[in-house]
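Step one of this worksheet: look at the structure below.
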Amino acid sequence: MEIIIADTYEGMSELAATMIERQLLRKPNSVLGLATGSTPIGTYQALVRKYKEEGLDFSKIVTFNLDEYLDLSPSHDQSYHYFMDQHLFNKINVEPRNIHVPYGHAEDVEQFCSWYEEEIRQAGGVDIQLLGIGGDGHIAFNEPGSSLGSRTRLKTLTKQTIDDNARFFTNPEDVPRFAITMGVGTILEAREIIMVANGKKKAEIVAEAIEGPITAQVSASALQMHPEVTVILDAEAGSRLKRADYYKWIFEEKKRLIPRLIGKVT
Ligand code: PGA
């Protein structure tokens, strides 16, 4: 696990976007796993800028989003599909047919979830997965107690997640209680994972996930078992890490190895 503590949110976002860019340059038809939430917005902005100003090509990518609220249609302005359209898909040259976001109006949710898993497999698996972390330690909507081997399924959201998300809805009663989400096991099958987190309110849970024990109570802690994870934080989100100085030192030392490190650190 590589931990990078950037000074700012912008620095964090630029690093994450650069890692995705390098993946696309290595493999233009990469399968990208994508996340929603406020954290990755800056990463998407940086990718859009790379598309517009540097011609980064998204025409061959295939995307799979982590999750979607149950019963919100893709055109609902709080649906994750709508979020992705607004922040990324409508602003780059991705082929609409290559976009996958769980469908909140699936009639048979179980069947839909199996189909989603199969689509990921058919696409060859996720090459690089972008993740945020919830205030309760979730990745995607894998709330505390989610099996570390879980697959795509319907999940009931915690009170904390519902409260965290209430800021996006006019009426708190409208915040969905259920979501379709990739499982922890699904996420761990990605070849490479980037997790981004910013702000003071994430500092404690980030420290638990990275330096605490691996536990289903903090689903992000499962990333400790994955061989290719980069956690990119801003200074505030990294402020509770016991070994912050060591991570910074590693990052500085690694810069010297840049010619021999392909696709990692800048
Ligand atoms: P946030 O959500 O980026 O809006 O903080 C993160 C998450 O719940 O995964």
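The values are calculated or read from the model by the stated rules, or taken from the named source; none is laboratory data. Here the structure is a predicted model, which means the values were calculated and not measured. So basically every Cβ, Gly included, is an ideal-geometry build from the backbone, and we count neighbours across all protein chains shown. To get the accessible areas, we keep the full protein, side chains included, count just its heavy atoms, and leave off ligands, DNA and RNA. Shrake-Rupley method; radii C 1.70, N 1.55, O 1.52, S 1.80 Å.
Would you mind checking the radius of gyration and Dmax of the range 156-266 based on alpha-carbon positions, in Å?
16.7, 53
Kindly state, to the nearest 0.05, the FRET efficiency for SER75 paired with GLU228, given R0 = 41 Å and r defined as their beta-carbon distance.
That pair, SER75 with GLU228, gives E of 0.70.
Using the Cα gyration tensor of the range 74-147, with a ≥ b ≥ c the square roots of its eigenvalues, what is the shape: rounded (a/c below 1.5), prolate (a/b larger than b/c) or oblate (neither)?
Rounded, since a/c falls under 1.5.
Test of understanding: express the Cα radius of gyration of the range 50-189 as a ratio to 2.2 N^0.38 Å, with N the residue count.
1.06
Using 1/(1 + (r/R0)^6) with R0 = 41 angstrom and r between the beta carbons of TRP115 and LYS255, what's the FRET efficiency to the nearest 0.05?
E between TRP115 and LYS255, to the nearest 0.05, is 0.40.
What net charge is computed for the residues neighbouring SER221, neighbours being all others with C-beta under 11 Å from the C-beta of SER221, Lys and Arg scored +1, Asp and Glu -1?
Computed value for this residue: -2.
How many angstrom separate the Cα center of the range 105-177 from the Cα center of the range 206-235?
The two parts, judged by their Cα centres, are 18 Å apart.
Of LYS91/LYS255; LYS60/LYS201; LYS200/LYS248, which ones are farther than 25 Å apart at the Cα?
Those over the limit are LYS91/LYS255; LYS60/LYS201.
What's the whole-number percent of alpha carbon pairs in the range 107-203 lying beyond 16 angstrom?
Distances greater than 16 Å cover 61 percent of the Cα pairs.
First obtain the Kirkwood hydrodynamic radius of the range 2-260 from its Cα pairs, then insert it into the Stokes-Einstein equation at 20 °C and 1.002 mPa s, and state the resulting D in µm² per second as a whole number.
Stokes-Einstein gives a translational diffusion coefficient of 116 µm²/s.
Please work out how much accessible surface LEU56 shows to a 1.4 Å probe, ignoring ligands, DNA and RNA, in Å² rounded to 10.
The value for LEU56 is about 10 Å².
So what are the ³J(HN,Hα) numbers for the range 159-174, from phi and the Karplus equation (6.51, -1.76, 1.60; θ = phi - 60°), rounded to whole Hz, Gly and Pro as x?
Once θ is set to phi - 60°, the couplings for the range 159-174 become 4, 4, 5, 4, 5, 4, 8, 4, 4, 8, 10, 5, 10, x, 5, 7 Hz.
Excluding GLU143 itself, calculate the net charge of residues whose Cβ lies under 9 Å from the Cβ of GLU143, where each Lys or Arg counts +1 and each Asp or Glu counts -1.
Charge balance near GLU143 sits at 0.
Would you mind giving the three semi-axes, in whole Å and largest first, of the ellipsoid equivalent to the range 34-116 according to its Cα gyration tensor?
25, 14, 10
Note the full-extension length gain between ASN29 and LEU154 as 0.36 nm times their separation in residues minus their Cα-Cα distance, in nm to one decimal.
Using 0.36 nm per residue and subtracting the Cα-Cα distance, I get 42.1 nm.
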